[in-house]
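This report refers to the structure that appears directly beneath it.
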Amino acid sequence: MVALAHPDYVVVPWRSTLLMWAVALIPIVINIFARRILGPIEVAAGIMHVVFLPVTIAVFVILATRNTNEFVWNTFVSLGGWSNSGVAYSVGLLGVITPLAGVDGVIHMAEEVKNAKTVVPRSMIYGTLINGVLAFSYLVAVLYCMGNYEEALLSPTGFPIITIAYQATGSLPATFVLMAMGMLPGWIALFNGLASVTRLAWAFARDNGLPFSDFFARVDPRFKIPIRALFLVASCIVALSFIQIGSSTAFNAILSLSTLGLYISYLIPLWLLVYKRVTAPLDIPQGTFSLGKWGLPVNLLAILFATYFVIFLPFPPQVPVTGDNMQYAGPVLGFVMLFAIGDWIVRGRHKWEGPTVSLRAYGRD
């Protein structure tokens, strides 16, 4: 947005790193000193999400010039150099499925949710449905109101949506407000996202799944939270932020890696559940929430789509492939898997006994 307001401004990577630290600082502080207000903050963010997006769509529809139905529904544009339209379409799925990923986030907070057996699965389904409807509505509105897409793609801001908003409104302040309405709920979601990943890291350490598990599994007696696990996650954020100073391509690969890793992690329990449904269905414990006879078809459909996504997510967005446009998510994932396998061979197989349900007392050590 600074680049839009000041065309002579030069975007330098280290400033983006500093901005990343600033964005992460307040959620870290809130998680430590004011975790009791996380619930109200998340409710406020949810309301913003549901209200701000329709408002943004309305502004586009009212102010922007319209593209034709032919352009929106019957025009295929491929700028990545892929000769096969199906491959080009599949490679472009990253930006589409990312808003629907992370559905497992609420599971990480299950130990702190009342009636989790029912509330958690319902939250996963409702969240996906709401996000899906809102995302599709936003997509259609942008396609009708995006104006010259080539100008947006060549925008000095690096974010086409900023130029699309400016083309629609013709006003810098209005563009900034629209962008703020889009970023604010996402930033607030980081508050609980940080808490969720912290609980996940803590639970894994509690089960001796991490290196130095005894250290990270401790709950702080003063703040009553796994503060060491929180600092571990925060340290990873700071460490990863340095990557974009050297290479924005590598940094974007790390971001896309999260979606790829999530879908691979979804596939593992899905395959195991289907295997169990076929070989020993009576051994599957029945919870308070069930899809009944639709369970197996939904599992199989989920496996089909997740496999499709996992195949194409590591594809490079453009051809011919160079060091600058290479999709590094696949190699990075391979490195992470090799590290995990090495840790399992050296340490994990001697300590891992599976998830535990025992409670660990608060301690200062």
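The values are calculated or read from the model by the stated rules, or taken from the named source; none is laboratory data. Computed from a predicted model, the values in this text were never measured in an experiment. Don't worry about glycine lacking a Cβ; one is built from the backbone with ideal geometry, like all the others, and counts go over all protein chains shown. Protein only, heavy atoms only, side chains kept; ligands, DNA and RNA dropped before computing areas. Shrake-Rupley method; radii C 1.70, N 1.55, O 1.52, S 1.80 Å.
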When region 113-129 is checked residue by residue, the ones that are surrounded by 14 or more Cβ atoms within 10 Å (Cβ to Cβ) and either over 19 Å from residue 291 (Cβ atoms) or touching a Lys or Arg at 6+ places or on another chain (Cβ under 8 Å) (or both) are 113
Helices (runs of 4 or more DSSP H) within region 1-68 that include 3 or more residues touching a residue at least 24 places away in the same chain (Cβ under 8 Å) and open to solvent by 50 Å² or more (accessible area, probe 1.4 Å): 13-33, 38-63
Based on this model, can you work out whether residue 203 counts as assigned to a helix (DSSP H, G or I) and either under 24 Å from residue 52 (Cα atoms) or without any contact (Cβ under 8 Å) to a residue 40 or more places away in the chain (or both)? no
Within region 140-172, residues assigned to a helix (DSSP H, G or I), closer than 19 Å to residue 8 by Cα and touching a Ser or Thr at 6+ places or on another chain (Cβ under 8 Å) come out as 151, 152, 162, 163, 166
Could you list all residues from region 73-106 that are over 19 Å from residue 186 (Cα atoms), without any contact (Cβ under 8 Å) to a residue 24 or more places away in the chain and part of a helix (DSSP H, G or I)? 73, 74, 85, 86, 88, 89
Are there any pairs, at least 6 apart or on different chains, whose C-beta atoms fall under 8 Å, with the first in region 108-130 and touching a residue at least 60 places away in the same chain (Cβ under 8 Å) and the second of a type in the set (Lys, Arg) and in a helix (DSSP H, G or I), and if so, which? 108/199; 109/199; 111/199; 112/199
Residue list for region 150-176, restricted to those being farther than 18 Å from residue 93 by Cα and either open to solvent by 50 Å² or more (accessible area, probe 1.4 Å) or of a type in the set (Lys, Arg) (or both): 150, 151, 154, 156, 158, 166, 167, 170, 172, 173, 176
The one condition in (1) within 27 Å of residue 11 (Cβ to Cβ); (2) open to solvent by 40 Å² or more (accessible area, probe 1.4 Å) that residue 256 fails to fulfil: (2)
Residue under evaluation residue 262, criteria (1) surrounded by fewer than 16 Cβ atoms within 10 Å (Cβ to Cβ); (2) touching a Gly at 6+ places or on another chain (Cβ under 8 Å), criterion not met: (1)
Considering only region 265-278, state which residues are surrounded by fewer than 16 Cβ atoms within 10 Å (Cβ to Cβ), touching a helix residue (DSSP H, G or I) at 6+ places or on another chain (Cβ under 9 Å) and under 12 Å from residue 104 (Cβ atoms). 265
Considering only region 330-365, how many residues are modelled with pLDDT of 85 or more, open to solvent by 100 Å² or more (accessible area, probe 1.4 Å), under 17 Å from residue 213 (Cβ atoms) and within 30 Å of the chain's Cα centre (by Cα)? 2
Being within 13 Å of the chain's Cα centre (by Cα), closer than 14 Å to residue 200 by Cβ and either modelled with pLDDT under 75 or surrounded by fewer than 16 Cβ atoms within 10 Å (Cβ to Cβ) (or both) narrows 95, 102 down to just 102
Scanning for something of a type in the set (Val, Ile, Thr), within 23 Å of the chain's Cα centre (by Cα) and closer than 30 Å to residue 78 by Cα, does region 142-149 turn up at least one residue? yes
Hits in region 318-329 (condition: in a loop (DSSP other than H, G, I, E, B) and either open to solvent by less than 80 Å² (accessible area, probe 1.4 Å) or aromatic (Phe, Trp, Tyr) (or both)): 319, 321, 322, 323, 325, 326, 327, 328
Say whether the condition of being surrounded by fewer than 19 Cβ atoms within 10 Å (Cβ to Cβ), modelled with pLDDT under 85, under 27 Å from residue 313 (Cβ atoms) and among the β-branched types (Val, Ile, Thr) is met by at least one residue in region 220-243. yes
